[in-house]
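Each value in this text was obtained by applying a stated rule to the coordinates, not by laboratory testing. Keep in mind the model is a prediction, meaning the values are calculated, not measured. Here Cβ is always computed from backbone atoms with ideal geometry, including for glycine, and neighbour counts include all displayed protein chains.
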Amino acid sequence: MNSSDTSSSPFATGDPTKINADVSSKGSFWRAIETAIELGGERLNPILVKEGRQALKSKQFVITFTLLLLAGWVWSMLGVALLWPGVYYAPGGRFMLCGYFVILAIPVLVTVPFSAFRSLAAEREDGTFELLSITALSSRQIVTGKLGSAVLQMLVYYSALAPCIAFTYLLRGIDIVTIVFLLFWTLVASVLLSTVGLVVATITRARHWQVLLSVLLLVGLCIVTFTWTLSFVSLITDTQATAFDDVDFWLAMSAIMTFCISHAIMFVMIAAAQISFASDNRSTRLRAMLLVQQTLWVGWMTFFWIRFEAEEFLYVLVSVAAIYWAFAGACLMGEAAILSPRVKRSLPQSFLGRMCFTWFNPGSGTGYTFAIVNLLTLVIIIVVAGLTAELEGFAGARGNYDWLLYVTLVAAYVVAYLGVGRLIVVLLRQLGRVTILLTVLINLLLVVIGAAFPVFFQG
Amino acid sequence: MPGQPVIDMRRLHRFFGATRAVSDISFEVMKGEVFGYIGPNGAGKTTSMRILATLDIPTYGDALVDGFSVINDPDRVRRRLGFMPDYFGTYADVNCREYLDFFARAYGLRGRERHQALSHVMGFTKLDGLAEKPIRGLSKGMKQRLCLGRSMIHDPSVLILDEPAAGLDPRARIELRQMIRELADNGKTILVSSHILTELAEMCDRVGIIEKGELLAVGTVAEIQRGQVTHCQIRSRVIANVPAFASWLEERDDVENIHVDGQLVRFSQIGDMPEQAGLLREMILANFAVAEFGIEQRSLEDAFMHVTRGVVQ
Ligand SMILES: Nc1ncnc2c1ncn2[C@@H]1O[C@H](COP(=O)(O)OP(=O)(O)OP(=O)(O)O)[C@@H](O)[C@H]1O
Ligand SMILES: [Mg+2]
C-alpha cells in the first residue's frame, strides 16, 4: 500500500487521534505495556498474531490446556502417593518425570501437529486461504505463520508443565542434562511433526482424500508418540545410561539435528510451494534444498565411515539415498510439464546458466533427470571413495567388492523403476491431468508390484 | 472516458475440461467507472472475476489491471485490487475488528497506517457498532459489509465485487449501491456482478451481459436497451375494423406476437425507427383509422431477456 496517494482515497479524512482515545483513559503503566505489545506485534507474522488471539478463545486449546494441567496435578498427587513414604529420602525424580513426560508428549506430539494440519487445511476448505493468497502475504509466510503458532502452543504446554518438571529435579535422581535433552528433542520432534502436518494439509483439496489423510496423519502421530514416549521412558528409567559422556553420541545427535533442521525447512518449503500461485516457480528452490540434503547426508555418512572405519556406513549411505531419491524423483515427476511465462522469464538466459541449471527448472522430465543425476553423482562419489579405500588399504575396507555390486544394483533399480514410472506418467498425461499425488501413488504401486512379482511366482 | 483502461480483459478463455466457463471475453473498464457484469447462473461471471483477482489462470488470453498482467505480474495486480468473492471466508473465534485487523496486517499495513485504514473502513461500512461482535454471529447483511470492508482495507484502486447484493434486503441494497457509487466517485474502478440487470442499472456506468461464457453485449444501460433492439414492442389503437387490421398485420413478415385487446393492438416488429415509420405510413395508406401508435418502452428485464434469449437452453 502506498501511503502517499491517500489523498484520493476515502480514507483521507481520517482521525488518527481516535484510536488512542480509549487507551489514554487507562493508567500509563498499562499504556506502556500495550504500546510495547503493539510495537512487538507489528513485526510479527500476521497469522501468528491472529492465531494467538484465536487460541485464547478456542475451545480446543482451552480444553487441552486444562486437561494438561489437570493431568499434571493428578499425576503429582498419584506419584507422590505411590512413592510414599520414600519420597522423603529415596530419589523419585525419574519415576515422576516418566509420568510428566507422557502427559506432555501427547499434546505436544499429537495435538499440536494435528492442529497445525487442521489449521492450514481449514484455511483451504473455508475459502479464507484464497483471501489470504491475494494479500501481500507470501505462501511461505502463511506456512511459517502456521508453524509459528504451533510453536507458540508448544511453548504454552511446556510452560504449563514446567513447575512439575522442576519438581522432579528437586526430587533428585535425575540430572538436568537428561531433562533438557528430553524436552529439547521432544520440542524438535514436535516442530518437525508440525511441518509434516502442514505438508499433509497441502497434498490435496479433494474432500475424501483430505479425510483419509487426516486419519492417516492422526494414526501416524499416535504411533510416533507411542514409540517416542516408550523409548524416552526407557532412557529415563535406565539409570546406567552413560551416553552423555560419549563424544560419538553427541556427534550422532548433531548429525540428527542437522537433518531435523534441513527437513523442517524443506517441509516448510514444500508446503509453501504447494499453496503458491499456479504460475509461480514451485520447484527450483526445492531442488536446491534436495541438493543440500544430499550434501549433508553424504558429508555426515562419509565422516562416520572414516571415523568408525566401518564399511556399513557405505551401505546405509546408498540405501537411504536411493529411497530418498526414489521418493523425491516420484514427487518431482508429478510436476506440470508446462512452464508459465512467468517462470520462463526467471530462468537463466545465458548458455552457461542454462547448462548448469536446467535440471533445476520445474517439470516432469527435468525432475526425473534431477533425481537420477543426483543419485548417480552419489554413486560415483561412493565408488571413488570406496576404491580409494580399497587401494590405500583403509581400515574400513574389507578387501572385497560386494559393496560395489550393491551400490550399482541399488542405483540401477531406482533408475529403472523411476523410468517406468515416468513412462506411465507421460502416457497418462495424454489422457488428462496427472497430479503429484497420483504420480507418487503410481510409483508406489510399481514398487509393490515389483516386490510382489517374484514372491507370487515362487509361491 | 479518456485514458488507459484500468481493467482490460483480453480474449479471456477458461475451460474446465469440456466446460467452456469463459470463452473469448474482452472488455475494458476505465478509471472511476462502475462496470456491471450481468448474467444468469453458470454464465462465467465468478470464473472471470477470479481470474482477474489472480485466483485462477486463464486457459488462453490475459487480463490486465493497471497495465499489469494477472498471469505475469500477479503481485502487482494484487496490490491494486480488492476482491469480494461470493462466499464469506470466516474464521472461528474472531470478531469483526480482529478480522479486519488481520487482513490489514496481511496486506502489510503497519502501526498508525493500519489503525487509520481500520477505522476508516469500519466507518465507511458502518461496522463501528459491531467491532466486538464475533463474526460467526453476523447476519447476511453485516457479513456483506464486512466482506466489502475487507476487500478495501488496503485501499485498492480496483474493486471486484462478486454478487455483493445477493441476499440483502431492499434497504441494504440501496445502502450498498450508495457505497459503491461513493467509492467510484472517489476514483475507484469497480467491477460488480449480478444476475439482475435492474439491480445494477442505477449504479453502473456500463454493463456487460454474459451468458454461457460469452459476452453478448457491452454498453451503457441505455445502449443495451436501445442498441440490441431488433424487435420493437408496438402499441397501436385503431378505432374501427380491428379484426381486419389484425389480419393485415398478420400477413406481414416483419410483425409477430399480435395481441388484440378491444381497440388496442400490441405486436412486435422487427427493425428500428425507420421500419416503424414505414409501418405507420402503410397503415394510414391502407385506410386504417389509427388513433394511437407508439413504441412501448422496453423494460430492462425485457432487454436482458432479449439479449440472452438466443443462448438460453
Ligand atoms: N472449478 C471448476 N471446475 C469445473 N467447472 C467449473 C469450475 N468453476 C466453474 N465451473 C463451471 O464454469 C461455469 C461458469 O461458472 P461460474 O461460477 O463462473 O458462473 P457464475 O456466472 O458465477 O454463476 P452464478 O451466478 O451461479 O454464480 C459453470 O458451468 C460451472 O459449472
Ligand atoms: Mg458466481
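The share of Cα pairs per 20 Å bin across the protein assembly as shown, counted from zero up to the longest distance, runs 13, 35, 31, 15, 5, 2, 0 percent. With the highest mean first, a sort of the peptides A:111-119, A:433-441, B:282-290 on other beta-carbon atoms found within 10 angstrom per residue produces A:111-119, A:433-441, B:282-290. Within segment A:106-206, the proportion of C-alpha pairs whose separation exceeds 23 Å stands at 37%. Remark: B:H259, B:H115, A:H263 ranked as B:H259, A:H263, B:H115, counting other beta-carbon atoms within 10 Å and listing the fewest first. Placing unit charges on the Cβ atoms of the charged side chains and taking the dipole of the protein assembly as shown about its Cα centre, the candidate lying farthest along the positive direction among A:L317, A:F184, B:Q178 is A:F184.
Between the Cα long axis of helix B:140-151 and the first principal axis of chain B there is an angle of about 70°, rounded to the nearest 10. The per residue volume of the convex hull around the alpha-carbon atoms of segment B:79-222 is 119 Å³.
Within 10 Å of the Cβ of each residue in B:64-70, the mean number of Cβ atoms contributed by other protein chains is 1. For the Cα trace of segment A:136-277, dividing Rg by the Kirkwood Rh returns an Rg/Rh value of 1.03.
To the nearest 20 debye, what is the magnitude of the charge dipole of segment B:85-189 about its Cα centre, counting +1 on the Cβ of each Lys and Arg and -1 on the Cβ of each Asp and Glu?
On the way: 17 positive and 14 negative charges, 24 e Å.
With Lys and Arg at +1 and Asp and Glu at -1, about 120 debye.
Pair-distance distribution of segment A:149-204: all C-alpha pairs, bin width 10 Å, starting at 0; shares per bin in whole percent are 21, 42, 24, 10, 3.
Shielding by partners for peptide B:50-61, expressed as the average number of C-beta atoms from other protein chains within 10 Å of each residue's C-beta, is 2.
Could you give the semi-axes, largest first, of the ellipsoid that matches segment B:230-297, computed as the square roots of 5 times the alpha carbon gyration tensor eigenvalues and rounded to whole Å?
Details: eigenvalues 55, 31, 26 Å².
Sorted largest first and rounded, they come to 17, 13, 11 Å.
Taking segment B:1-129, how much of its Cα-Cα pair set, in percent, is spaced more than 23 angstrom apart? Result: 45 percent of Cα pairs exceed 23 Å. Seen against the Cα atoms of chain B and their longest principal axis, helix B:300-309 is set at about 90 degrees. Judged by the mean number of other Cβ atoms found within 10 Å, the most tightly packed of the peptides B:76-82, B:212-218 leads the ranking B:76-82, B:212-218.
Sites listed here are trypsin sites (Lys or Arg not before Pro) in segment A:143-225 whose DSSP assignment is loop and whose Cβ has at most 10 other Cβ atoms within 10 Å, and the list is empty. Counting lysine pairs in chain B whose alpha carbons fall under 14 angstrom apart, excluding pairs fewer than 8 residues apart on the same chain, gives 4. Each listed q (0.18, 0.19 Å⁻¹) maps to a log10 I(q)/I(0) for segment A:246-314, found by the Debye formula over equal Cα scatterers with no solvent: -0.74, -0.78. As a rough guide to protection, the peptides B:139-150, A:408-419 ranked by mean Cβ packing within 10 Å, highest first, stand as B:139-150, A:408-419. The mean number of partner chain beta-carbon atoms within 10 angstrom of a residue's beta-carbon across peptide B:107-119 is 5.
Using only alpha-carbon positions in chain B, the gyration tensor eigenvalues give semi-axes of 47, 22, 16 Å once each is multiplied by 5 and square-rooted (largest first).
Any idea what the dipole of the protein assembly as shown comes to, in debye rounded to 20, about its Cα centre with Lys/Arg Cβ at +1 and Asp/Glu Cβ at -1?
Details: 66 positive and 66 negative charges, 188 e Å.
So the magnitude is around 900 debye.
The angle between the Cα long axis of helix B:273-285 and the longest principal axis of the Cα atoms of chain B comes to about 20 degrees, rounded to the nearest 10. Based on DSSP H segments of at least four residues, each scored -39500 (n - 2.57), the protein assembly as shown has a per-residue ellipticity at 222 nm of -20000 deg cm²/dmol. With a simple spin-label model that places each label point 7 Å from the Cα along the Cα-to-Cβ direction, the separation between A:A122 and B:R112 comes to 3.7 nm. Residues of segment A:270-313 with an amide N closer than 17 Å to a point placed 7 Å from the Cα of A:T388 along the Cα-to-Cβ direction: A:295-311, A:313.
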